[in-house]
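Before any comments, here is the structure.
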Amino acid sequence: MAHLIAPSILSCDFGNLQRDIEMINVSDADWFHVDVMDGNFVPNISFGFPVIQAVNQIANKPLDVHLMIANPDRYLEDFKHVGAEILTVHYEACTHLHRTVQKIKSLGMKAGVALNPHTPVDLLFDIIEDLDMVLIMSVNPGFGGQKFISNAILKVEQAKNLIHRRGSHAIVEVDGGVNLETGKELLNAGADVLVAGSFVFQSKDPNQTIKDLKLLNA
């Protein structure tokens, strides 16, 4: 499949959120990436349910919601209610990961599992067949604009290998430090979805930057 681009609205201009959402609507982007942080699992706080619901009312593309929160099971139904189509939880935050994944899918959402930079891909061996997506974190989660961790390229290769070995249909997403250079390397390693935040929204022409990311390896 052609790779997908998911701009991270964590890097939007919150004073002009509707403008930025409408820009993504008409751009070559495929998804809206929504980072949810609780100040507990990661040292930052981001969007609550009212903001996500407001985004969903304007967005005309799927909401790819990434939960960087402790005890995500408490809120799965709530994220479905506010419009999440893809819901990703962290391996490190889920004591009963299989149960969490099955609950997400039972609610009609696609289920993803994210791995922090220090978490080995092979820990997904027993769950990979149940997943729709693996999210490789190429920065430490919690803040935008961090430097890319190059080991993520190897982890993408490992994730793709595991997916093929286990006969899974999961795709691989990468979040953190994505630009034209790192994006190309990640795609060459097998990534299917690139999340880009500050690289898009701090550029002079975010729409063109999304197009440039979409044209990588074309």
Here are a few candidate values for semi-axes √(5λ) of the Cα gyration tensor in Å: (1) 24, 21, 15; (2) 40, 21, 13; (3) 31, 19, 17. Which one was actually calculated from the structure I just gave you? (1)
Rounded to whole Hz and in sequence order, give me ³J(HN,Hα) for the stretch 122-129 from the Karplus expression 6.51 cos²θ - 1.76 cosθ + 1.60, θ = phi - 60°, writing x for Gly and Pro. 4, 5, 8, 3, 8, 10, 4, 5
HN-Hα couplings for the stretch 108-115 via Karplus (6.51, -1.76, 1.60; θ = phi - 60°), in whole Hz with x for Gly/Pro, come out as x, 9, 7, 10, x, 10, 9, 10
Any chance you could run the full-extension gain for Asn71 through Asn217? It's 0.36 nm times the residue separation minus the Cα-Cα distance, nm to one decimal. 48.7 nm
Two-site label geometry, Asp78 and Glu181: point separation in nm, points 7 Å out along Cα→Cβ: 4.1 nm
Kyte-Doolittle at least -1.0, axis length at least 20 Å by Cα - qualifying DSSP helices, the chain: 151-166
Counting only residues 5 or more apart in sequence or on a different chain, those whose built amide H sits under 5 Å from that of Ala196 are Ala6, Ser8
So which aspartates and glutamates pass the test for Lys155, namely a Cα distance under 15 Å, with those fewer than 8 places away in the same chain ruled out? Asp122, Glu173, Asp175, Glu185, Asp192
In straight Cα distance, which lysines are under 16 Å from Lys103, not counting same-chain residues fewer than 8 positions off? Lys80
5 Å is the cut-off here: which amide hydrogens, built 1.01 Å from N in the peptide plane, fall below it relative to Asp35, excluding neighbours closer than 5 in sequence? Ile9, Leu10, His66
What number, rounded to the nearest 500 deg cm²/dmol, is the helix-based mean residue ellipticity at 222 nm of the chain, given -39500 (n - 2.57) per DSSP H run of at least four residues and division by all its residues? -10000 deg cm²/dmol
Output ³J(HN,Hα) for the stretch 34-39: one whole-Hz value per residue in order, computed from phi by the Karplus curve 6.51 cos²θ - 1.76 cosθ + 1.60 with θ = phi - 60°, and x for Gly and Pro. 10, 8, 10, 10, 10, x
Compute the longest continuous run of the chain that contains no exposed trypsin sites (Lys or Arg not before Pro); treat a site as exposed when its DSSP state is not H, G, I, E or B and it has at most 12 other Cβ atoms within 10 Å. 1-146
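No lab work stands behind these numbers, since they all come straight from the coordinates. Remember, predicted model here, so these are calculated numbers, not experimental data. Cβ coordinates were reconstructed from backbone atoms using ideal geometry, including for glycine residues, and neighbour counts include every protein chain displayed.
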